[in-house]
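The values are calculated or read from the model by the stated rules, or taken from the named source; none is laboratory data. All figures in this text were calculated on a predicted structure; none of them were measured in a lab. Because the Cβ atoms are built from the backbone with ideal geometry, glycine has one as well, and the counts that use them run over all protein chains shown. The protein model used for the area step is the full one, side chains on, heavy atoms only, and it has no ligands, DNA or RNA in it. Shrake-Rupley method; radii C 1.70, N 1.55, O 1.52, S 1.80 Å.
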Amino acid sequence: MSTTTSMFDVCSLEELKAAGAKAFDFRHPEFGLHEIAVFWDGSTVYGLENLCPHLFASLANGPIERGRVTCPSHGAIFDLATGACLDRFTIDTQAYQTKVENGRVYIIAPGETRA
């Protein structure tokens, strides 16, 4: 997709189902390079900033349960739909909208570009 769109094709749904989570490099116009991860919890695709705000662990490496992911470093639990830290261990992380269309997974990241 062009860099002027806010929707980015990142992988097939089958790839995501097999992996559970996948992270992709993006560039935010103000904050620069970062990763957005997509997650499959067995029924739904979600998108989150691939970063636990407490010591910056990769959330894509954490265990995924229905509607949530656990930080692999310190066990903080995040709501996959909202990015809220459910156990208040740390601050919330950024959630991103996703879309599945024709077997492809899209991240909706307004104003950003793929890095």
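Tabulated results
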quantity: Evaluation of residue 9 against (1) in contact with a strand residue (DSSP E or B) (Cβ under 9 Å, 6 or more places away or on another chain); (2) open to solvent by 60 Å² or more (accessible area, probe 1.4 Å) (one fails), failing number; calculated: (2)
quantity: For residue 85: the one exception among (1) within 13 Å of the chain's Cα centre (by Cα); (2) open to solvent by less than 20 Å² (accessible area, probe 1.4 Å); calculated: (1)
quantity: Scan of the range 88-97 for residues that are open to solvent by 40 Å² or more (accessible area, probe 1.4 Å) and either in contact (Cβ under 8 Å) with a residue 12 or more places away in the chain or among the aliphatic types (A, V, I, L, M) (or both), ordered by number; calculated: 89, 91, 92, 94, 97
quantity: Residue in the range 1-14 that is of a type outside the set (Ser, Thr, Tyr) and at pLDDT below 95 present; calculated: yes
